[in-house]
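Notes follow the structure.
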2 protein chains.
Amino acid sequence: MPFSYEYARPALTVDCAVFGLDEQDLQVLLIRRGQEPYEGRWALPGGFVHVDETLDEAALRELEEETGLRKVYLEQLYTFGGIDRDPRERVVTVAYYALVKLSDHKVKAATDAADAAWFDVNDLPELAFDHREIFEVALARLKGKVRYQPIGFELLPRKFTLTQLQRMYETILERKLDKRNFRKKILGMDLLVALDEVQKDVAHRAARLYKFDDRRYRKLVKQGFSFEI
Amino acid sequence: MPFSYEYARPALTVDCAVFGLDEQDLQVLLIRRGQEPYEGRWALPGGFVHVDETLDEAALRELEEETGLRKVYLEQLYTFGGIDRDPRERVVTVAYYALVKLSDHKVKAATDAADAAWFDVNDLPELAFDHREIFEVALARLKGKVRYQPIGFELLPRKFTLTQLQRMYETILERKLDKRNFRKKILGMDLLVALDEVQKDVAHRAARLYKFDDRRYRKLVKQGFSFEI
DNA sequence: GCAAAAGTGTTGGTTATACACCCATGT
DNA sequence: ACATGGGTGTATAACCAACACTTTTGC
């Protein structure tokens with residue numbers, strides 16, 4: 001045991017609640033544990049923080065190692081420091097949440113990692129450790145933050161229709177929005193760019209595609225604009 | 001060195017930005033460091049997390065040890081994990097912010113602790129480590145959160161006047177509010193209880209005192225109410 | 001031609017903002 | 001009597017919520 005300290009130190013880990021949006025549902029990515037404790041249980045992806053990497057780096061590294069995901073939107077959530085979180089020893093975990101465009105990543109996450117799968121947030125299996133609690137906090141944060149920061153776009157493909165956008169909000173916020181009012185509001189913010197392009201392969205009138213203009217968003221924020229759904 | 005581990009572990013600390021409200025200004029509580037590194041520099045109160053205490057417990061313990069403060073409003077802020085935060089070794093810190101009623105605590109903090117002092121947030125000395133950054137994040141959080149959660153009351157005495165309340169918001173948000181509109185709005189929320197009591201020892205008409213009704217607030221929240229200034 | 005979703009305005013109610021004077025109290 | 005802050009109402013503008021029909025497209 002080459003590393004010794006004068007006082008006992010908690011182990012430090014990162015864990016990550018990764019959200020993705022299916023056609024109809026909000027989903028979260030879980031991995032199945034291969035070792036004790038909680039062997040065979042589903043858990044949030046995560047692992048130990050190396051001494052030479054930042055917390056963000058650790059979260060990104062673990063995500064890639066365990067699920068194959070890269071370049072996701074990642075944000076620190078909360079640090080969980082309960083004394084008996086882990087039955088082996090004291091472990092403090094810095095929790096993150098991530099948002100991914102399922103359309104891009106669906107296949108990868110299912111194949112690259114041995115045992116990773118998406119679950120509907122309303123139908124989760126029992127989770128290892130206190131991961132259920134971490135998940136609840138992450139979901140609450142997502143629900144809160146999506147209303148006043150334009151992070152929801154991270155769940156959609158780069159080009160999306162207004163109906164997809166509206167459905168995303170309806171799914172996360174768990175309430176219906178009025179189509180006309182929604183369109184008025186979101187277009188009025190002047191954050192979406194209408195593309196010269198429409199949906200393909202749909203059995204009805206094809207909707208116009210839009211993209212989110214991040215550069216413009218940041219400019220508006222500097223001028224005091226604040227996003228709100 | 002009795003504690004050995006297979007892999008190197010970062011040290012884990014807590015640090016705390018304590019805010020108080022003077023008649024005119026928002027202040028933050030700093031302590032002067034007695035040891036290297038940064039000996040003699042001002043810093044946020046904080047210290048190492050013991051292996052048998054939660055993070056919240058560590059923050060409260062350090063606060064009391066270093067500043068004499070007890071029973072403050074405390075909330076986890078963010079965890080800072082930069083690799084070179086501390087010149088000695090890798091230290092990850094879980095930052096908190098606290099709000100105290102200066103009226104109650106002013107003397108204590110100045111006497112119990114050898115070298116603790118309140119500083120105007122707009123006139124801070126150079127701080128040790130990355131404490132300036134932690135402070136900035138804490139202040140931003142306070143400014144953001146005070147608008148949509150009734151945490152500002154933690155900075156005022158239990159009994160306060162509407163003018164004190166308004167000044168608190170004006171100080172934190174750094175903008176003027178309209179007196180009549182402010183009163184209409186805050187009284188309309190039905191969260192304040194008018195006491196049968198007025199200010200004493202003032203050289204003008206004495207203002208009515210109010211208190212915040214926390215029980216009522218929680219009841220309203222359950223019914224979907226959301227606080228906003 | 002029919003099924004399915006796209007796209008589009010108006011009205012009424014609520015909420016936010018701007019604004020100024022008289023009142024009570026202590027010195 | 002004067003200085004200081006306490007306390008109060010109204011009118012206008014902006015925003016939000018409710019609501020239904022026509023258009024386009026693929027089959």
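The values are calculated or read from the model by the stated rules, or taken from the named source; none is laboratory data. Because the structure is a prediction, the values reported are computed rather than measured. Neighbour counts are summed over all protein chains in view; Cβ atoms, including those assigned to glycine, are modelled from backbone coordinates with ideal geometry. Ligands, DNA and RNA are stripped out before the accessible areas are found, and what is left, the full protein with its side chains, is counted by its heavy atoms. Shrake-Rupley method; radii C 1.70, N 1.55, O 1.52, S 1.80 Å.
Ranked by the mean number of other Cβ atoms within 10 Å of their residues, highest first, the peptides B:33-39, B:22-28, A:222-228 fall in the order B:22-28, B:33-39, A:222-228. In segment A:42-68, burial by the other protein chains removes 50 Å² or more of 1.4 Å probe accessible surface, compared with the chain on its own, from A:51, A:55.
Here the 3J(HN,Hα) profile of segment B:146-154, calculated from phi with Karplus coefficients 6.51, -1.76 and 1.60 at θ = phi - 60°, is 4, 6, 10, 9, x, 8, x, 4, 5 Hz, Gly and Pro shown as x. Converting phi to 3J(HN,Hα) with the Karplus coefficients 6.51, -1.76 and 1.60 and the offset θ = phi - 60°, segment A:87-96 yields x, 7, 6, 5, 10, 9, 10, 8, 8, 10 Hz in sequence order, with x at every glycine or proline.
If I compute solvent accessible area with a 1.4 Å probe over the protein chains, what percent of it on segment A:157-222 is carbon and sulfur? The partial results should precede the final answer.
Values: 2170 of 4680 Å².
That fraction is 46 percent.
Computed over segment B:157-222, the P(r) curve from all C-alpha pair distances, binned at 10 Å from the origin, holds 19, 48, 30, 3, 0 percent per bin. Here residue A:181 yields copy-to-copy label distances, from shortest upward, of 2.3 nm, the label point defined as 7 Å from Cα along Cα to C-beta. Label segment B:11-148 by shape, choosing from rounded, prolate and oblate, from the square roots a ≥ b ≥ c of the eigenvalues of the Cα gyration tensor; if a/c is under 1.5 it is rounded, and otherwise prolate applies when a/b is larger than b/c, oblate when it is not. It comes out rounded by the Cα gyration axes. Here residue B:57 yields copy-to-copy label distances, from shortest upward, of 3.3 nm, the label point defined as 7 Å from Cα along Cα to C-beta.
Measure off, as a whole percent, the carbon and sulfur share of the 1.4 Å-probe accessible area of segment A:1-139, all protein chains present.
Numbers: 3000 of 6310 Å².
It is 48 percent, rounded to a whole number.
Peptide A:11-22 has a mean shielding of 1, counted as Cβ atoms of other protein chains within 10 Å of each residue's Cβ. Per-residue mean of foreign Cβ neighbours for B:75-85 is 4 (Cβ atoms of other chains, 10 Å radius). Counting only protein heavy atoms and a 1.4 Å probe, segment A:98-229 has 59 square angstrom of accessible area per residue.
Gyration tensor analysis over the Cα atoms of the protein assembly as shown returns equivalent ellipsoid semi-axes of 39, 34, 19 Å (largest first, whole Å).
Can you give the percent of C-alpha pairs in segment A:2-74 whose distance is more than 20 Å? Show your work: numbers first, answer last.
Numbers: 1082 of 2628 pairs.
Across segment A:2-74, Cα pairs with separations above 20 Å total 41 percent.
Each copy carries a label point for residue A:206 at 7 Å from Cα toward Cβ; from one copy, the others' points are 7.7 nm away, ordered from shortest.
Of the peptides A:193-202, B:189-198, A:63-72, the order by per-residue mean of other Cβ atoms within 10 Å, starting with the highest, comes out as A:63-72, B:189-198, A:193-202. What you get for the protein assembly as shown, charging only the Cβ of Lys and Arg (+1) and of Asp and Glu (-1), is a dipole of about 3140 debye around the Cα centre. Report the one residue of A:206, A:165, A:191 whose Cα lies farthest in the direction of the positive end of the charge dipole of segment A:157-222 (charges on C-beta: Lys and Arg +1, Asp and Glu -1; origin at the Cα centre). Positive-end residue among those listed: A:191.
Estimate for me the total accessible surface buried between chains A and B (protein heavy atoms, probe 1.4 Å, no ligands or nucleic acids), in Å² to the nearest 100.
Summed over both sides, the interface buries about 2800 Å².
Compute the long axis of helix A:131-145 from its Cα atoms, compare it with the longest principal axis of the Cα atoms of chain A, and write down the angle in degrees, 0 to 90, nearest 10. So the inclination is approximately 30 degrees.
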